[in-house]
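Undergrad: Sharing a structure here in C-alpha cells format.
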Amino acid sequence: MDDTRPAADATTLNIGHETSADQDTQNQPKRVMGFRDLVLFYVVTGISLRWIATAAAAGPSSIVIWIGAWLVFYIPLAFSVVELSSRHPDEGGLYVWSKKAFGDFSGFMSAWAYWTSNLPYFPAVLYFAASNVIYMRQSAWGHLSNDATFYIIFSLLTLTLATVVNVVGLDVGKWLHNVGAIAMWIPAVIVIVMGGIAWHRFGSANAFTLHTMTPSIHFKDIIFWSLLVFAFGGCEAGSFLGGEIKNPGRTIPWAVFAAGVTVAFCYIIGTLGVLVALPSTEVSNLQGLVQAIAKTVERVGYFWTLPLAAFLIALSNVGAAAAYLAAVARLPFVAGIDHFLPPAFGTLHPRWKTPWVALFTQYFVGILFIFLGQAGTNVKGAYDVLASMTVIVYFIPYLYVFAAMIKLQREPAGPEVIRVPGGKPVAVLISVIGLLTTTATILLSVVPPADDPNKPLAVLKIVGGTAALMAAGGWIYLAGKKKASGTSHVGPGL
C-alpha cells in the first residue's frame, strides 16, 4: 500500500468516500505517526496500570487468567485488525469494515458504540489517575481519597488538557501519548524491582502454588474476568488514524504484534510484582499498584520512589485518555458522513486541520458523564459503574469486528491482503472464539461488584445508560437516513 492520503473536502474530513483526485492535500491531516509513534500509541491505549490492581486483587490465579484473556481475545482481535485493515485500509477502521460486511446501519452503530464508550471511559481512567496523585504527598493529601469533589475537579482539568493538545494537532498531541506510554513502564519496573527486594528479604506476600494459581469457577470469582479481557482492547484504535500514519499498510501489522507482546508482558509481570509485594486481600482497585509500592517502601526503604511512581502512573493514564480522544474523534460518524450528523462535525480547524467540533463535543459530553457517574454513590461505586458501563458499550463494536471478519472471508484476497495463517478456516475459527469471548464479557459486566453500596442503582445505571446510548444512536441514524433519502424505511443491518 502506498502512502497516498485519502482525498477529502478542504474543510470536511470525508472519511471513507472518494473525492476529486486533485484536491489540495495541504488542507488534509498530516501523516505524522511512524512505527515508533504507533507502537507507543498501542501501548498507551492497550496498557492501563489500573487493571494490574484489579488482577492482583484476585490473587495468583489472575496470572493464568491474563494468559487466557490474551489467547482468546487479543490474538483473535489482532489477527482480525491486521487482515481487515489490509482488505479495507480506508481511514475509519471498524466503521468501514462493518459497513462493507453488513451495510450502513451496522457501520454507523458500530462506530457510535465505540465513540460513546469513551464517554464513561474518560472519567473512569481519570478517576484512577486522581487516586494515584494522592500518593505524591500521602500524609498531606490522604484525606482526599474519598473526596468526590477532588476527583471531579482533577478529571475536569485533565480532560481539558487532553482535548486542547489534540485540537492543536496530532503532531503535538502524540507527544502526550508517547510520554504516557513511557511513563507506564517506570512504575511497573519499580514495583517489580521493589517486589524482588522484598521477596529476597522477607519472602513472597502470596503463595504461588498449583492450588492458588488455579482459577476459581465460582460465579463471584468469574465476574472480574471481563475486566481482564477488556484490558486487552485497543489495538483496533490505530486504524481510525489511517490517514495520519506513515505507510499504514506496513506499519500497522508490525506495530500491532509488537505492542501485543509488550502489553501481555507488562500485565503479567506487573501483576506478579504486586502479588509478591502485597497480599491480594489488601489490594484496592483504585490504588493497587501505587499502594503496593507504598507498602513495599515501608519494608525496604527507597521512599523517594513512591511520589515518582504515583506521578508517572497518573501521567500515563492522562496520556491514555488523550490517545483515545484523538482516535475516536476520527471515526466516520463523527465526521458527519452520509449526512447522519450535522455537517459541522466534519469540519477541520482552519489552522490545525483537526476535527475540533468532534473533539469539543466529546469533551462536553465527557464532562456530563463525570457528574452522572458520581450521582448517588461513593467514589468507588462511581468508578465501578463507569468501568462496567465502559466494558459493555466498548465491546459491542467487537461483535461487529469479529462478525465482519467472518463475512468478508467471502471476498477474494488480493496480494495486498495480509491473511491469517491457515487461511479462511483459521480466520473463521479465531473470529468465533472472539465472538464468544466478547459476548461472555458483556454479560458478566452487567453484574455489579459484591461490595457495591447500592446494587440496584448500579445495575440501573449500567443497563439503562447502555440502552440509552444505543437508542440515541439508532434514532440519529433513522433521522439522518430519513433526511437523506426522504423516507423513514431503513434496512435492519446486523
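Undergrad: Among the numbered criteria (1) under 28 Å from Phe265 (Cβ atoms); (2) more than 18 Å from the chain's Cα centre (by Cα); (3) surrounded by 24 or more Cβ atoms within 10 Å (Cβ to Cβ), which single criterion is violated by Val133?
TA: (3)
Undergrad: Of the residues Ile392, Ile367, which is at pLDDT 80 or above, aliphatic (A, V, I, L, M) and part of a helix (DSSP H, G or I)?
TA: Numbers: Ile392 fails: at pLDDT 80 or above.
Going through Ile392, Ile367 in turn, the sole match is Ile367.
Undergrad: Name the single residue that is surrounded by the fewest Cβ atoms within 10 Å (Cβ to Cβ) among those in segment 464-481 being closer than 21 Å to Ser226 by Cα and either in contact (Cβ under 8 Å) with a residue 40 or more places away in the chain or among the charged types (D, E, K, R) (or both).
TA: First pass over segment 464-481, keeping only residues closer than 21 Å to Ser226 by Cα: 464-467, 469-470.
Checking which are either in contact (Cβ under 8 Å) with a residue 40 or more places away in the chain or among the charged types (D, E, K, R) (or both) leaves us with 465-466, 469-470.
Details: Gly465: 22, Thr466: 24, Leu469: 20, Met470: 17.
Going through the qualifying residues, I end up with Met470.
Undergrad: Answer yes or no as to whether Ala294 is crowded, with 16+ Cβ neighbours inside 10 Å, part of a helix (DSSP H, G or I) and in contact with a Cys (Cβ under 9 Å, 6 or more places away or on another chain).
TA: In short, no.
Undergrad: On to the next question. Can you name every residue in segment 148-159 that is of a type in the set (Ser, Thr, Tyr) and within 19 Å of the chain's Cα centre (by Cα)?
TA: If the condition is that a residue be of a type in the set (Ser, Thr, Tyr) and within 19 Å of the chain's Cα centre (by Cα), then Ser155, Thr158 are the ones that fit.
Undergrad: While we're on this one: Output the residue which, of all residues in segment 418-428 that are buried (at least 16 other Cβ atoms within 10 Å of the Cβ) and outside any helix (DSSP H, G or I), is modelled with the lowest pLDDT.
TA: Ile418
Undergrad: If you don't mind, there's one more thing I want to ask. Failed condition for Ala181, given (1) crowded, with 24+ Cβ neighbours inside 10 Å; (2) within 26 Å of Ile442 (Cβ to Cβ); (3) among the small types (Gly, Ala, Ser), with all others met?
TA: Answer for Ala181: the failing condition is (2).
Undergrad: Val168 is checked against (1) in contact with a helix residue (DSSP H, G or I) (Cβ under 8 Å, 6 or more places away or on another chain); (2) closer than 15 Å to Ala326 by Cα and fails just one. What number does that condition carry?
TA: Against the list (1) in contact with a helix residue (DSSP H, G or I) (Cβ under 8 Å, 6 or more places away or on another chain); (2) closer than 15 Å to Ala326 by Cα, Val168 comes up short only on (1).
Undergrad: Mind telling me which of the residues Ser145, Ser139 ends up being without any contact (Cβ under 8 Å) to a residue 60 or more places away in the chain and more than 24 Å from the chain's Cα centre (by Cα)?
TA: Ser139
Undergrad: Filter segment 322-348 down to the residues that are modelled with pLDDT of 60 or more and among the aromatic types (Phe, Trp, Tyr), then identify the one that is surrounded by the most Cβ atoms within 10 Å (Cβ to Cβ).
TA: Ranking the candidates gives Tyr324 first.
Undergrad: Further question: Specify which of the listed residues (Tyr114, Tyr121) is out of contact with any Ser or Thr (no Cβ under 8 Å at 6 or more places or on another chain), buried (at least 22 other Cβ atoms within 10 Å of the Cβ) and under 19 Å from Ile47 (Cα atoms). It would help to see each step written out before you state the result.
TA: Working: Tyr121 fails: out of contact with any Ser or Thr (no Cβ under 8 Å at 6 or more places or on another chain).
Tyr114 is the lone residue from the list that is out of contact with any Ser or Thr (no Cβ under 8 Å at 6 or more places or on another chain), buried (at least 22 other Cβ atoms within 10 Å of the Cβ) and under 19 Å from Ile47 (Cα atoms).
Undergrad: Kindly check whether there is at least one residue in segment 151-170 that is under 24 Å from Phe73 (Cα atoms), of a type outside the set (Asp, Glu), surrounded by 16 or more Cβ atoms within 10 Å (Cβ to Cβ) and at pLDDT 80 or above.
TA: Within segment 151-170, not a single residue is under 24 Å from Phe73 (Cα atoms), of a type outside the set (Asp, Glu), surrounded by 16 or more Cβ atoms within 10 Å (Cβ to Cβ) and at pLDDT 80 or above.
Undergrad: Take segment 234-259 and flag every residue that is modelled with pLDDT of 75 or more and crowded, with 20+ Cβ neighbours inside 10 Å.
TA: Passing the criteria: Gly234, Cys235, Glu236, Ala237, Ile245, Thr251, Ile252, Ala255, Val256, Ala259.
Undergrad: For segment 177-223, which residues satisfy the criterion of being among the hydrophobic types (A, V, I, L, M, F, W, C), touching a residue at least 60 places away in the same chain (Cβ under 8 Å) and not in a helix (DSSP H, G or I)?
TA: Result: Ala205, Ala207, Phe208, Met213, Ile223.
Undergrad: Do you know which of the residues in segment 429-458 that are modelled with pLDDT under 80 and part of a helix (DSSP H, G or I) is surrounded by the fewest Cβ atoms within 10 Å (Cβ to Cβ)?
TA: Taking the candidates together, the pick is Lys455.
Undergrad: Answer with yes or no whether Thr354 is more than 30 Å from Gly270 (Cβ to Cβ), modelled with pLDDT of 80 or more and polar (S, T, N, Q).
TA: no
Undergrad: Assigned to a loop (DSSP other than H, G, I, E, B), closer than 25 Å to Ser48 by Cβ and either among the basic types (Lys, Arg) or under 20 Å from the mean Cα position of the chain (by Cα) (or both): does that describe Gly233?
TA: yes
Undergrad: Might you check whether a residue that is farther than 30 Å from Lys353 by Cα, among the basic types (Lys, Arg) and part of a helix (DSSP H, G or I) occurs anywhere in segment 249-256?
TA: no
The values are calculated or read from the model by the stated rules, or taken from the named source; none is laboratory data. All values derive from a computational prediction rather than experimental measurement. Neighbour counts are summed over all protein chains in view; Cβ atoms, including those assigned to glycine, are modelled from backbone coordinates with ideal geometry.
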